[in-house]
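Asker: The structure under discussion is supplied below as structure tokens; questions concerning it will follow.
The values are calculated or read from the model by the stated rules, or taken from the named source; none is laboratory data. Nothing here was measured: the structure is a model prediction, and the numbers come from that model. Cβ placement follows ideal geometry from the backbone for every residue including glycine, while neighbour counts extend to all protein chains displayed. Remember, those area values only see protein heavy atoms, side chains included, never the ligands or the DNA or RNA. Shrake-Rupley method; radii C 1.70, N 1.55, O 1.52, S 1.80 Å.
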Amino acid sequence: MRFSTAFLVTLGMAPVALGGPIAYALCQTGCNSLAVACYAAAGFTFGTVVATVATPAVIVGCNAGLGTCSAACATVALFAPTP
């Protein structure tokens, strides 16, 4: 098969596709799903608890887990190229 010079130049100028942002979004969705399950197991609804001094320790733990998971997503999935 013979390619024309114009085709090869155009192909060389095409941007590289990275799926990092998609992987990051999927990872964040997983983190949020786990946080919702954690809240539900504690008898609360995710997104309705205001962080105060009187916030139950289990909710603080759920939030800490969400933060750790989100940070892992940011450091791993956001910069991972996906073909």
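Asker: In nm, to one decimal, how far is the ALA57 label point from the ALA42 one, both placed 7 Å along Cα→Cβ?
Answerer: If labels sit at ALA57 and ALA42, their model points lie 1.2 nm apart.
Asker: Give me the accessible area per residue for segment 32-83, probe 1.4 Å, as a whole number in Å².
Answerer: 64 Å²
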